[in-house]
Amino acid sequence: MWWSCSSSKGDPKELLRRWKSILHHICGVHRWEEDGMEHKCYHTELPADEQIKKWLAEDSPAYKVLYEVVMNTRLLKDLEQMALFKHTGQLEVFHNALLKYCPKRLHFEYASMQARTMLAVMDHNENHNTQRQQAKTASGLQRHNVVFQKQSKQWIARPVYQETTQTFRNDLMDAVIQRRLDPSVKYQDPESHSKVPRLAANIARVSKPRKEDVISAHTSRFTGPDS
Ligand SMILES: [Zn+2]
């Protein structure tokens, strides 16, 4: 997704074509025809050991699920808006905010994950939607840290920005109280609960056999007539 957005030079059609190309690539197809034109992946010729790796089969459940995700109408509409996407700096900053609310080492339930992501968005909007002001020293000079930069192997001065704020938390608590005091909002309103999407229990293509059958098949392999 990042590659499609960043490499399509503001052309939404090209962006969508690049995005959808994953459906060919993931099946090991790197040249294909589309609207009477031949297209190919942008990566270089794959070495032999890469070519024989396990690609997805087009009739597999995994492919079908991926297809649903890639071709989701709403996502495709949103992606068109990403054609003017230029750099990922803001996204990386947002990712840092997200990590603060959703540390990767911990597991969260769906509703918690959803709420935490929303908090990260609010935090980001409050602090990074506009350029934060550089912090000043007591004497009014702009503050810097001198840090060693890996790429340039040089010491550079990095601006120190003002502390982030979290006033959205107070606004949020006020809104919670207001909502709780509102007699027209029913407590335990089912609409107010986030809906967990229904996911398949497993990715198996055939239904689960009886346990006894699996055990007897397993045992007969080891105590068959040949042994
Ligand atoms: Zn490819």
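Worth a mention:
- Under the simplified labelling scheme, the MET173-THR73 pair shows an inter-label distance of 4.4 nm, with each label point 7 Å from Cα along Cα→Cβ.
- Distances between placed amide hydrogens fall under 5 Å for HIS39 paired with TRP32, GLU33, GLU34, all partners being 5 or more residues away or on another chain.
- Of the residues VAL160, VAL70, VAL206, the one that moves most in a GNM of the chain with alpha-carbon contacts below 10 Å is VAL206.
- Net +/- balance of residues flanking ASN72 in space, Cβ distance below 15 Å, scoring K and R +1, D and E -1: +1
- Compared with the direct C-alpha span, the chain from ASN202 to ASP11 gains 64.9 nm at full extension, assuming 0.36 nm per residue.
- Per-peptide packing, taken as the mean over residues of other Cβ atoms within 10 Å, places 72-85, 18-31, 207-220, 102-115 in the sequence 18-31, 72-85, 102-115, 207-220 from highest down.
- Quarter of the Cα convex hull surface for the chain, i.e. its orientation-mean projected area (nm²): 25.3 nm²
- Cross-linked pairs LYS20/LYS64; LYS9/LYS77; LYS104/LYS153: Cα-Cα separations exceed 20 Å for LYS104/LYS153.
- Residues whose amide H comes within less than 5 Å of that of ALA135, counting only those at least five positions distant or on another chain, are ARG143, VAL160, TYR161, GLN162 (H built at 1.01 Å from N in the peptide plane).
- Segment 197-217 and segment 130-169 have Cα centres spaced 56 Å apart.
- Its Cα gyration tensor gives segment 1-65 an equivalent ellipsoid; the semi-axes, largest first and in whole Å, are 21, 15, 12.
- Per residue, the average separation of C-alpha pairs within less than 8 Å and at least 6 apart gives the chain a relative contact order of 15 percent.
- Were the residues from LYS54 through TYR110 laid out at 0.36 nm apart, the gain over their Cα-Cα distance would be 17.0 nm.
Rule-based calculations on the coordinates, nothing more; no lab input. Everything numeric here is computed off the predicted structure, so don't read it as measured data. A quick note on method: Cβ atoms are made from the backbone with ideal geometry, for glycine too, and the neighbour counts reach across all protein chains shown.
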